[in-house]
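Trainee: Structure incoming, see below.
The values are calculated or read from the model by the stated rules, or taken from the named source; none is laboratory data. Small disclaimer: the values here were computed from a predicted structure and weren't measured. Because the Cβ atoms are built from the backbone with ideal geometry, glycine has one as well, and the counts that use them run over all protein chains shown.
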Amino acid sequence: MATFATQFPGSAAALSDRDVVAQTYWVGQSSTVIGGSRGSSNREFAVELPGGRRLVLTIPFELDPMPAWISPTVNACVRILELPANWDSYGGKRIRAELVAGALLILIRSMPIDLTAPSVVPLGDGGVQLEWHRRQQDLEITFSADESPQYYYRNRITDEELEGSPSSSSEFAQLLRNLA
Amino acid sequence: MCEISRQDDPAIGNGSRLFRRVHLRQIVRDENTGMTLISSAAFKDHELSVDVESILLERGLDERRCLENHNAHRLVSMLAGECRQFEQIVCIDPEEGNPAHGLVCGRKTGRNARSLRDLCVWVIPPVAPDYQAIQEEKQRLGLPD
C-alpha cells in the first residue's frame, strides 16, 4: 500500500515534545476526510488526497477536547488540495500536500485552543497561506514552495508590522494568542 | 524567480491599469469589518500575471475579456506606477491568444503583497462583493468550504 512517505518541515524531531506526526502515502483515489478517530494515546486525521495519496496527521491525546479549529481547517486544506493544475488561470500549480502538512503541524504546535480557524488560501506556486483578520489585526503565515515558512503581522490600530519565521519564534506564538 | 532578462517597460505608463483575476478561494472574510478581503496570497507570484488595459483597448477589448470563461474568478486592478513603488518591474509578456498579457515581477514579501492587495480596486464586480455572495457562488460552482 504505502509506496511513498515523507516527513515535513518542522515535523518529527522538532515536534517530538508533542508527538505530532504527519505522513503522506499513496493509496486510493478519492479525497475524503476520514479522520478524527481515537487511538490509545492519540487521535488520527487521515485524509485521502487526489492522485491517490493519503495525508495522516496524528495528534496527541493531550489535546482533548479536540480544538474547534482543527476540523474546519483540515477540511479547508482538503478543499485546496483538490484544486486542479492551473486553478488560478495563470498556470497555478496543484497544492502540495507536504506544504499543507507542514502548515497543520505548525498550527498544532502553536495554536491557542480557543482561536478560530484560519482562512486557508492557495498559492500559485503550490503552497498555502493561513490567515486571520480579527481584533484589528492581520496575521498571515505563508508556506511557499521555494521559501521557508514566513509570517506577516500587522496591527491596524498602531500600524505595527512584523515579519519572521513561525518555526522558531516565541513572538509568533504571542501573536497567535493576541488573536484569540 | 523573475528571469534576469525582464526589464521594466516604460511604454506601460504609471497610470496604466493592470487587471488581475482572483480565484474565489483567494477571497476571505475580514472579521474586523465583516466584508470580503482579497487575500495577499493572490499577489505573491514572483512573476505576477496581469492584463494591460491599454493593450486591450488598442484591440477594441475591455476588462470583460479578462473574465471570459473564468467563472470561478473575479477581477481587480492596480496601477502600474503603484507596483513600481514596491520595487516591481512591469513588462509586457504577450501570450498566444492574449497579446495584453503582462507581468509584475519582483519578490513579494508579506508586506509588499499586502500593499499590492490594499492598492487593488474591484473591477468585476465594481464594488467588493458581500462575503455571503462569495460563499453562495462557491457552492454553486462546487467549491464549498
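Trainee: Output the number of residues of region A:82-115 satisfying the condition of being more than 8 Å from chain B (Cβ to nearest Cβ), more than 13 Å from A:PRO149 (Cβ to Cβ) and polar (S, T, N, Q).
Mentor: 1
Trainee: Go through region A:146-180 and give me each residue that's small (Gly, Ala, Ser) and without any contact (Cβ under 8 Å) to a residue 60 or more places away in the chain. Walk me through it before giving the result.
Mentor: Pass one, region A:146-180, residues small (Gly, Ala, Ser): A:148, A:164-165, A:167-170, A:173, A:180.
Correct list: A:GLY164, A:SER165, A:SER168, A:SER169, A:SER170.
Trainee: Now, a different point. Within region B:55-87, restricting attention to residues that are more than 30 Å from B:GLU137 (Cβ to Cβ) and not hydrophobic (A, V, I, L, M, F, W, C), which residue is surrounded by the most Cβ atoms within 10 Å (Cβ to Cβ)? Walk me through it before giving the result.
Mentor: Here is the first cut: in region B:55-87, the residues more than 30 Å from B:GLU137 (Cβ to Cβ) are B:58, B:81, B:84-87.
With the extra rule that they be not hydrophobic (A, V, I, L, M, F, W, C), the set shrinks to B:58, B:81, B:84-85, B:87.
Details: B:GLU58: 11, B:GLY81: 13, B:ARG84: 16, B:GLN85: 12, B:GLU87: 12.
My answer is B:ARG84.
Trainee: Taking B:PRO99 as meeting all but one of (1) free of Cβ contacts under 8 Å to residues at least 60 places away in the same chain; (2) touching a Ser or Thr at 6+ places or on another chain (Cβ under 9 Å); (3) within 22 Å of B:GLN7 (Cβ to Cβ), write down the number of the exception.
Mentor: Of everything listed in (1) free of Cβ contacts under 8 Å to residues at least 60 places away in the same chain; (2) touching a Ser or Thr at 6+ places or on another chain (Cβ under 9 Å); (3) within 22 Å of B:GLN7 (Cβ to Cβ), B:PRO99 misses just condition (2).
Trainee: Have a look at B:ARG64, B:ARG107, B:ARG74, B:ARG84 and point out the one that is assigned to a loop (DSSP other than H, G, I, E, B) and in contact (Cβ under 8 Å) with a residue 24 or more places away in the chain.
Mentor: Just a single option satisfies the conditions, and that option is B:ARG107.
Trainee: If a residue must be crowded, with 22+ Cβ neighbours inside 10 Å, facing another protein chain (nearest Cβ under 7 Å) and not β-branched (Val, Ile, Thr), how many such residues does region A:140-150 contain?
Mentor: Residues meeting the conditions: 1.
Trainee: Examine region B:123-141 for a residue that is part of a strand (DSSP E or B) and either in contact with a Phe, Trp or Tyr (Cβ under 7 Å, 6 or more places away or on another chain) or under 22 Å from B:GLY81 (Cα atoms) (or both), and state whether such a residue exists. Spell out the reasoning first.
Mentor: Our first condition is that a residue be part of a strand (DSSP E or B); within region B:123-141, this holds for B:123-124.
Going one step further and asking which of them are either in contact with a Phe, Trp or Tyr (Cβ under 7 Å, 6 or more places away or on another chain) or under 22 Å from B:GLY81 (Cα atoms) (or both), we end up with B:123-124.
Looking for residues that are part of a strand (DSSP E or B) and either in contact with a Phe, Trp or Tyr (Cβ under 7 Å, 6 or more places away or on another chain) or under 22 Å from B:GLY81 (Cα atoms) (or both), one finds at least one in region B:123-141, hence yes.
Trainee: Restricting attention to strands (runs of 3 or more DSSP E) lying wholly within region A:101-180, give those where 1 or more residues are within 14 Å of the chain's Cα centre (by Cα) and of a type in the set (S, T, N, Q). Working first, answer last.
Mentor: Values: elements: A:119-122, A:128-134, A:137-143, A:150-155, A:161-164.
Once the strands (runs of 3 or more DSSP E) in region A:101-180 are filtered for at least 1 residues that are within 14 Å of the chain's Cα centre (by Cα) and of a type in the set (S, T, N, Q), what remains is A:119-122, A:128-134, A:137-143, A:150-155.
Trainee: Out of the residues in region B:42-57 that are assigned to a helix (DSSP H, G or I) and either under 11 Å from the mean Cα position of the chain (by Cα) or at pLDDT below 95 (or both), state the one that is farthest from the other protein chains (Cβ to nearest Cβ).
Mentor: Within region B:42-57, the subset assigned to a helix (DSSP H, G or I) is B:42-43, B:53-57.
Still in the list and also either under 11 Å from the mean Cα position of the chain (by Cα) or at pLDDT below 95 (or both): B:42-43.
Values: B:ALA42: 8, B:PHE43: 10 Å.
The qualifying residue farthest from the other protein chains (Cβ to nearest Cβ) is B:PHE43.
Trainee: Being buried (at least 19 other Cβ atoms within 10 Å of the Cβ) and either polar (S, T, N, Q) or within 10 Å of chain B (Cβ to nearest Cβ) (or both) is the filter here, so list the residues in region A:151-166 that pass it.
Mentor: Answer for region A:151-166, where residues must be buried (at least 19 other Cβ atoms within 10 Å of the Cβ) and either polar (S, T, N, Q) or within 10 Å of chain B (Cβ to nearest Cβ) (or both): A:TYR151, A:TYR152, A:TYR153, A:ARG154.
Trainee: Is it the case, given these coordinates, that B:ARG107 is touching a strand residue (DSSP E or B) at 6+ places or on another chain (Cβ under 7 Å) and basic (Lys, Arg)? Full working, then the answer.
Mentor: Values: touching a strand residue (DSSP E or B) at 6+ places or on another chain (Cβ under 7 Å): no; basic (Lys, Arg): yes.
So B:ARG107 does not fit the description; no.
Trainee: Something else about it: What residue, among those in region A:123-139 that are small (Gly, Ala, Ser) and more than 7 Å from every other protein chain (Cβ to nearest Cβ), is nearest to A:LEU162 (Cα to Cα)? Walk me through it before giving the result.
Mentor: As a first pass, look at region A:123-139 and keep what is small (Gly, Ala, Ser): A:124, A:126-127.
Filter once more, so that each one left must be more than 7 Å from every other protein chain (Cβ to nearest Cβ): A:126-127.
Numbers: A:GLY126: 24, A:GLY127: 21 Å.
Looking at the filtered set, the residue picked out is A:GLY127.
Trainee: Considering region A:66-103 alone, what residues qualify as being among the acidic types (Asp, Glu) and in contact with a helix residue (DSSP H, G or I) (Cβ under 9 Å, 6 or more places away or on another chain)? Before you say what the answer is, go through the steps one by one.
Mentor: Keep residues of region A:66-103 that are among the acidic types (Asp, Glu), which gives A:82, A:88, A:98.
Hit for region A:66-103 is A:ASP88, nothing else.
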